[in-house]
1. If r is the Cβ-Cβ distance from GLU6 to ARG151 and R0 is 35 Å, what FRET efficiency results, to the nearest 0.05?
2. With every protein chain kept in place and ligands, DNA and RNA left out, what is the accessible area per residue of region 1-153? Probe 1.4 Å, answer in Å².
3. For GLU152, what accessible surface area do you get with a 1.4 Å probe? Give it in Å², rounded to 10.
4. Ranked highest first by average number of other Cβ atoms within 10 Å, how do 86-94, 154-162 line up?
5. From zero up to wherever the largest Cα-Cα distance of the chain sits, split into 10 Å bins and tell me the percent of pairs in each.
6. Evaluate region 99-176: find the radius of gyration of its Cα atoms, find its Kirkwood radius, and give the ratio Rg to Rh.
7. Helix by helix, which DSSP H runs in the chain go 20 Å or more along their axis at the Cα atoms and have an average Kyte-Doolittle hydropathy of -0.5 or more?
8. Counting pairs of alpha carbon atoms under 8 Å apart in space and at least six apart in sequence, what relative contact order in percent does the chain give?
Amino acid sequence: MLLEGELVRLRALEPEDAEKIHPWIHDPEVGRWMTNSHPRSLAQLRKHAEERPLNSYELVVLGIEADGKLIGIVDLRDAEPEIGNAELDIYIGDAEYRNGGGYGTEALRLMCRYGFNSMRLHMITLWVVAENERARHVYRKVGFSEDGRHREAFVAADGERHDMILMSMLKGELKW
């Protein structure tokens, strides 16, 4: 599967992508607002990449490419065909592309369009740390609305607790 825009294209991840992803998972800027697991070695990440299940309705994980190189990851997970909902996660791992150039915005739009059109979803949701205003701005720009707040639900690497914001978008609300 390949989804193309002007700035990025979304493609299935390959096992050899582990080498590019490994430094991202140890980058404090990438992990700042993400739920982090314990550190993983490159060998562990390679093994995980080789054993990753095939993309399916329940989980679609795609690499974000720009200028011919992998720069991030976006996924739709926990999709439920009975009610047409899925949850979205995205991050730009390559620091060179976290500059406000529109790469994440376009990747979000492509993935949401795929979810609504190809997966026949009715609603896409996501959770974002309340203090991550940059991400919240991008989500609102593409059509997500803030639905609620889960107080002190996120624990940062320094142990500080932060509120999480639930955001959603219904089919027909995607802003291109």
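The values are calculated or read from the model by the stated rules, or taken from the named source; none is laboratory data. Source: prediction; values computed, not measured. Cβ coordinates were reconstructed from backbone atoms using ideal geometry, including for glycine residues, and neighbour counts include every protein chain displayed. Surface accessibility is based on the protein's heavy atoms, side chains included, excluding ligands, DNA and RNA. Shrake-Rupley method; radii C 1.70, N 1.55, O 1.52, S 1.80 Å.
1. On the way: r = 39 Å, r/R0 = 1.12.
The formula returns an efficiency of 0.35 here.
2. 55
3. So the heavy atoms of GLU152 present about 110 Å² to solvent.
4. Going from most to least packed, we get 86-94, 154-162.
5. All Cα pairs considered, the percentages come to 9, 37, 40, 14, 0.
6. Reported Rg/Rh (Cα atoms, Kirkwood Rh): 1.02.
7. The answer, listed by residue number, is 103-117.
8. 19
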